[in-house]
Amino acid sequence: MNTLIKYILVLILFAFSKAGLTQNRISSSEQTLSFEEYLDYVKQHHPLLKQANLQVSVGEANLLKSRGGFDPKIEVDYNRKKFKKTEYYDKLNATFKIPTWYGIEFKANFEENTGKFLNPSLTVPDGGLYSAGVSFSVAQGLLINERMAMLKKAQFFINQTSAQRDLLVNNLIFEASIAYFEWIGANNEQEIYANFFKNAQLRFQGVKRSVEVGDKAAIDSTEAKITFQTRKLNLEAAKLKARKAALKASNFLWFNDVPLEIEESITPILPNDSIIASSLYLEGITNDSERLTKHPKLRSIEAKVGSLKVDRSIKRNKLLPKLDFQYNFLTSKGNQLNSFNTANYKAGVNFSIPLFLRKERGDIRLANLKLKDAKFERISTSLALQNKIAAVTAEILSLQEQNGLINGIVTNYKTMLDAEERKFELGESSLFLINSREQKLIEATLKANTLQVKFLYANASLYNVLGISELEILN
């Protein structure tokens with residue numbers, strides 16, 4: 001009994017999860033799902049959108065980390081040695097440092113040292129010794145240093161992660177649109193075969209009755225039956241294709257982190273040109289070159305180039321000698337600022353330079369090569385995107401023309417079939433000719449459906465190749 005109750009509860013929960021789409025989006029009078037409603041679900045609830053936003057969060061965290069290089073710092077160094085009741089030394093050194101942008105560091109220090117075996121240079125007044133000063137680099141590290149480079153690269157990384165997020169969102173909307181358009185094509189194909197199946201069924205019944213009363217030969221009934229069975233076979237295959245396409249479109253439908261499934265009774269709606277343009281943000285896009293500069297791929301490469309330039313700058317800076325100065329005012333009266341003067345100080349200088357600079361020159365050469373590679377990537381990517389945009393635009397224009405032509409062909413085939421059927425009723429034609437005309441009409445109708453879906457694909461491809469992002473539009 002407990003197992004049965006659990007099974008019933010599972011079925012109820014599953015039914016509610018499946019019914020979520022119907023309850024929230026589909027009216028009771030029309031069991032349809034429009035392209036706008038479909039994309040609205042994808043944009044609002046798909047988990048990949050949340051994952052895309054994580055890309056920017058990673059960049060922001062990296063920027064916060066790099067800014068930590070400029071945080072003020074407190075350092076305390078305490079050492080004491082006592083052995084056999086003898087205090088060898090007791091040393092305290094507390095420092096407060098404030099790093100700044102151009103390699104300059106301000107420092108305040110308190111030092112107190114006692115002990116019998118203390119190094120004479122560490123001897124300080126009884127109340128301790130206070131110092132305040134500055135340390136800075138004159139050559140290497142003045143205009144750019146590791147802290148500065150890390151922060152600049154983190155800012156470029158923010159732009160790069162933002163572009164990667166936009167690419168993820170763009171690809172998601174593109175793939176979801178393609179899945180919806182495939183569903184439209186498969187559903188239309190099912191309707192086409194369903195209509196011709198009804199025609200074949202009525203024709204078969206009519207020929208069968210004519211055979212029974214002796215107006216037609218028995219072979220006509222066999223031929224009509226073959227056509228009827230063929231249409232039924234095609235219809236069953238089309239139903240399977242449509243269901244698979246609906247399930248594929250369901251992969252992009254979520255609600256509150258729960259996947260949804262499109263029910264068999266729900267059908268898609270063929271969007272018109274204005275709906276496609278508004279849903280995919282293709283309205284008003286006339287200047288491809290301006291749109292291209294905002295493309296996420298190029299923005300990502302630009303950020304990469306900027307980061308590599310920072311790398312090259314820091315490596316060029318390593319060619320300079322290392323020349324660091326520090327100067328500290330000393331006093332034993334830390335509570336009196338006027339006690340700091342130039343008579344009591346501690347200063348130092350540190351100088352070093354490699355004789356051949358082979359490591360530094362090799363690093364610069366590698367940095368230049370990486371930068372050239374990134375610039376070549378930017379040029380080739382820009383050219384490839386321009387060509388893709390031109391190709392997709394040409395495809396859309398061509399498909400518009402092809403759709404107009406195929407619709408005319410379908411109309412003419414329909415006229416010929418109607419005329420052949422009237423001749424058949426008058427006894428001036430044969431079932432073979434009707435089936436032949438009808439087969440041509442079916443092929444033309446399927447071709448029209450294929451071209452219609454290709455036109456929808458082309459619009460989605462234009463959205464994809466332009467790199468349009470939902471989050472970019474909202475921002």
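Quick notes on this structure:
- Identity of the residue in region 51-79, outside any helix (DSSP H, G or I) and either without any contact (Cβ under 8 Å) to a residue 24 or more places away in the chain or out of contact with any strand residue (DSSP E or B) (no Cβ under 7 Å at 6 or more places or on another chain) (or both), that ends up farthest from GLU105 (Cα to Cα): ASN79
- Within region 392-410, tally of residues that are surrounded by 13 or more Cβ atoms within 10 Å (Cβ to Cβ) and free of Cβ contacts under 8 Å to residues at least 60 places away in the same chain: 9
- Residue match in region 422-431 (condition: assigned to a helix (DSSP H, G or I) and in contact with a Leu (Cβ under 6 Å, 6 or more places away or on another chain)): no
- Of the residues screened, PHE356 is not one that is exposed (fewer than 13 other Cβ atoms within 10 Å of the Cβ), in contact with an Asp or Glu (Cβ under 9 Å, 6 or more places away or on another chain) and at pLDDT below 95.
For every residue, the table says whether it meets (1) under 33 Å from the mean Cα position of the chain (by Cα); (2) surrounded by 20 or more Cβ atoms within 10 Å (Cβ to Cβ); (3) at pLDDT below 90; (4) not polar (S, T, N, Q).
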{"site": "VAL138", "(1), (2), (3), (4)": "no, no, yes, yes"}
{"site": "LEU151", "(1), (2), (3), (4)": "yes, no, yes, yes"}
{"site": "ASN170", "(1), (2), (3), (4)": "yes, yes, no, no"}
{"site": "SER177", "(1), (2), (3), (4)": "yes, yes, no, no"}
{"site": "TRP183", "(1), (2), (3), (4)": "yes, yes, no, yes"}
{"site": "ASN187", "(1), (2), (3), (4)": "yes, yes, no, no"}
{"site": "ILE192", "(1), (2), (3), (4)": "no, no, no, yes"}
{"site": "ASN195", "(1), (2), (3), (4)": "no, no, no, no"}
{"site": "GLN205", "(1), (2), (3), (4)": "no, no, yes, no"}
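- Top-ranked residue of region 140-149 - restricted to ones that are part of a helix (DSSP H, G or I) and open to solvent by 30 Å² or more (accessible area, probe 1.4 Å), ranked as farthest from THR100 (Cα to Cα): GLU146
- Boolean, PHE329 is crowded, with 16+ Cβ neighbours inside 10 Å, farther than 28 Å from SER300 by Cα and modelled with pLDDT under 95: yes
- Of residues in region 89-122 being free of Cβ contacts under 8 Å to residues at least 24 places away in the same chain and among the small types (Gly, Ala, Ser), the one most open to solvent (accessible area, probe 1.4 Å): SER121
- Hits in region 413-470 (condition: without any contact (Cβ under 8 Å) to a residue 24 or more places away in the chain and either open to solvent by less than 40 Å² (accessible area, probe 1.4 Å) or within 24 Å of the chain's Cα centre (by Cα) (or both)): ALA419, GLU420, PHE424, SER429
- Every residue from region 244-262 that is over 16 Å from LEU172 (Cα atoms), modelled with pLDDT of 90 or more and open to solvent by 60 Å² or more (accessible area, probe 1.4 Å): LYS244, LEU247
- Residue under evaluation PHE376, criteria (1) of a type in the set (A, V, I, L, M, F, W, C); (2) farther than 30 Å from TYR327 by Cβ; (3) open to solvent by less than 80 Å² (accessible area, probe 1.4 Å), criterion not met: (3)
- Qualifying residue in region 258-274 (condition: of a type in the set (Ser, Thr, Tyr), farther than 26 Å from ILE442 by Cα and touching an Asp or Glu at 6+ places or on another chain (Cβ under 6 Å)): no
The values are calculated or read from the model by the stated rules, or taken from the named source; none is laboratory data. Please read all numbers here as calculations on a predicted model, not as lab measurements. Note that we place each Cβ from the backbone using ideal geometry, even for glycine, and neighbour counts take in every protein chain shown. In case anyone asks, the SASA skips ligands and DNA or RNA and just uses the protein heavy atoms, side chains included. Shrake-Rupley method; radii C 1.70, N 1.55, O 1.52, S 1.80 Å.
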